[in-house]
Amino acid sequence: MVAAEHIASEAGFKKSCIPEVGRLLRLAAVAKPDGVIAESGTGSGVGTAWLHSGLTGAGARLLTVERDEMLARRAAGVFADDERVSVLTGDWRLLERHAPFDVFFCDGGGKRDDPQRVVELLAPGGILILDDFTPSPSWPPRFEGEVDELRLFYLTHPALEATEILTTPTSSAVVAARRP
């Protein structure tokens, strides 16, 4: 984590994974021994490091994709000693050829622009984690006075068993498992 946090600091990258979400990522990765783990939106690699800390088994693989070439290159350097980790540079759809995923941390592309495809990339029993939501005490969930259609999509999708968890007093994450 320290190396990825250092990259974030040097690059002025302010959107790194918070520890509360990081611990959730590690838990999800540990729950899928020898699993195929994916991340959309590598950033400086902090979330990737949390996922990496939970990789178990020689067959486990972690694939992450980042649009920003400089960030992707620097994050790849952090994981260069582990052949189970691949840092891809480009659009989130580069992950599609490696699906289905046992864990998918959709932190970048896909979450908003193609949510149905995000669900389809999960293996049966696969875990989906989406963060950076603002908690909503009402149902259906609301954001800035309007129904949060994106969050509602994931929470009510028929292929998912999903819930929203509070990660801090001002942020939440949707965690879902794909039904078999």
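The values are calculated or read from the model by the stated rules, or taken from the named source; none is laboratory data. Computed from a prediction, not measured in an experiment: that's the story for all the values here. Cβ: placed from backbone, ideal geometry, glycine included. Neighbour counts: every protein chain shown. For the accessible areas, the whole protein counts, side chains as well, though only heavy atoms, and no ligand, DNA or RNA atoms are used. Shrake-Rupley method; radii C 1.70, N 1.55, O 1.52, S 1.80 Å.
Tell me which of these PHE153 doesn't satisfy, since it passes every other one: (1) open to solvent by 30 Å² or more (accessible area, probe 1.4 Å); (2) within 20 Å of VAL21 (Cα to Cα).
PHE153 satisfies every listed condition except (2).
Can you tell me which residues in segment 130-170 are small (Gly, Ala, Ser) and within 25 Å of ASP102 (Cα to Cα)?
Selection gives ALA159, ALA162.
List pairs: first residue in segment 152-180 and modelled with pLDDT of 95 or more, second residue part of a strand (DSSP E or B) and hydroxyl-bearing (Ser, Thr, Tyr) anywhere in the structure, Cβ distance under 7 angstrom, at least six positions apart or on different chains.
GLU164/SER172; ILE165/SER172; LEU166/SER172; ALA173/THR167; VAL175/THR163
How many residues does segment 120-140 contain that are closer than 22 Å to LEU166 by Cα and surrounded by fewer than 21 Cβ atoms within 10 Å (Cβ to Cβ)?
9
Taking GLU83, is it open to solvent by 30 Å² or more (accessible area, probe 1.4 Å), of a type in the set (Asp, Glu) and more than 19 Å from LEU155 (Cα to Cα)?
The answer is yes for GLU83.
Considering only segment 56-80, how many residues are of a type outside the set (Lys, Arg), open to solvent by 30 Å² or more (accessible area, probe 1.4 Å) and part of a helix (DSSP H, G or I)? It would help to see each step written out before you state the result.
Taking segment 56-80 first, the residues of a type outside the set (Lys, Arg) are 56-60, 62-66, 68-72, 75-80.
Right, trim to open to solvent by 30 Å² or more (accessible area, probe 1.4 Å) and you get 56-59, 68-70, 76-78, 80.
Still in the list and also part of a helix (DSSP H, G or I): 69-70, 76-78.
Summing the residues that are of a type outside the set (Lys, Arg), open to solvent by 30 Å² or more (accessible area, probe 1.4 Å) and part of a helix (DSSP H, G or I) in segment 56-80 gives 5.
Take THR89 and tell me if it is open to solvent by less than 10 Å² (accessible area, probe 1.4 Å), in contact with a strand residue (DSSP E or B) (Cβ under 7 Å, 6 or more places away or on another chain) and farther than 20 Å from LEU150 by Cβ.
In short, no.
Can you find, within segment 124-151, the residue that is modelled with the lowest pLDDT among those that are of a type in the set (Asp, Glu) and closer than 30 Å to PRO33 by Cα?
ASP132
Regarding SER53, is this residue among the small types (Gly, Ala, Ser) and surrounded by fewer than 15 Cβ atoms within 10 Å (Cβ to Cβ)?
Numbers: among the small types (Gly, Ala, Ser): yes; surrounded by fewer than 15 Cβ atoms within 10 Å (Cβ to Cβ): yes.
Yes: the conditions hold for SER53.
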